[in-house]
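What follows is a set of notes on a single structure, which appears directly below.
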Amino acid sequence: MLARNPIGVDALVWKELPTPSRAPTRLRVAIRAASLTSPICLIVQNKYQMKPPLPFVPGSEYAGVVEAVGAGGCKHVKVGRRGRGLRR
């Protein structure tokens, strides 16, 4: 989902974005489920103290499967790991 206009959840649009390049200390997670929390709902209505620049991808709670692991610092996480709470 992508927030282009912060007027509410109904204004969120689904948009395919290019897969970002992976830094050596980052993971790539295939997201299987995500949630919109109360603060995120306020952010997409422009009613929260944090106002990210537009456009932005709202949310930080998700669950998925690790697809790729960077070579320099993610030694405790393996490809195929399922989980939730993997922070952005």
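The values are calculated or read from the model by the stated rules, or taken from the named source; none is laboratory data. A quick note: this is a predicted structure, and the numbers were derived from the prediction, not measured. Note that each Cβ is placed from the backbone with ideal geometry, even for glycine, and that neighbours are counted across all protein chains shown. Ligands, DNA and RNA are stripped out before the accessible areas are found, and what is left, the full protein with its side chains, is counted by its heavy atoms. Shrake-Rupley method; radii C 1.70, N 1.55, O 1.52, S 1.80 Å.
Brief remarks follow.
- Answer residue from region 1-34, given it is loosely packed, with under 10 Cβ neighbours inside 10 Å and not small (Gly, Ala, Ser) and is farthest from residue 69 (Cα to Cα) among those: 10
- Verdict on residue 37 being exposed (fewer than 13 other Cβ atoms within 10 Å of the Cβ) and closer than 27 Å to residue 79 by Cα: no
- Scope region 55-69; condition under 15 Å from the mean Cα position of the chain (by Cα) and not aromatic (Phe, Trp, Tyr); matching residues: 55, 57, 58, 59, 60, 61, 63, 64, 65, 66, 67
- Selection status of residue 42, of a type in the set (A, V, I, L, M, F, W, C), open to solvent by 50 Å² or more (accessible area, probe 1.4 Å), at pLDDT 90 or above and out of contact with any Ser or Thr (no Cβ under 6 Å at 6 or more places or on another chain): yes
- Once region 8-28 is narrowed to residues that are touching a residue at least 40 places away in the same chain (Cβ under 8 Å) and not aliphatic (A, V, I, L, M), the residue that is nearest to residue 83 (Cα to Cα) is 28.
- Residue 59 vs. criteria at pLDDT below 85 and open to solvent by less than 90 Å² (accessible area, probe 1.4 Å): yes
- Against the list (1) out of contact with any strand residue (DSSP E or B) (no Cβ under 6 Å at 6 or more places or on another chain); (2) at positive phi, the condition residue 59 fails is (1).
- Contact map, region 29-43: first residue free of Cβ contacts under 8 Å to residues at least 60 places away in the same chain, second residue among the charged types (D, E, K, R) and in a strand (DSSP E or B), Cβ cut-off under 6 Å, separation 6 or more or different chains; pairs are 30/67.
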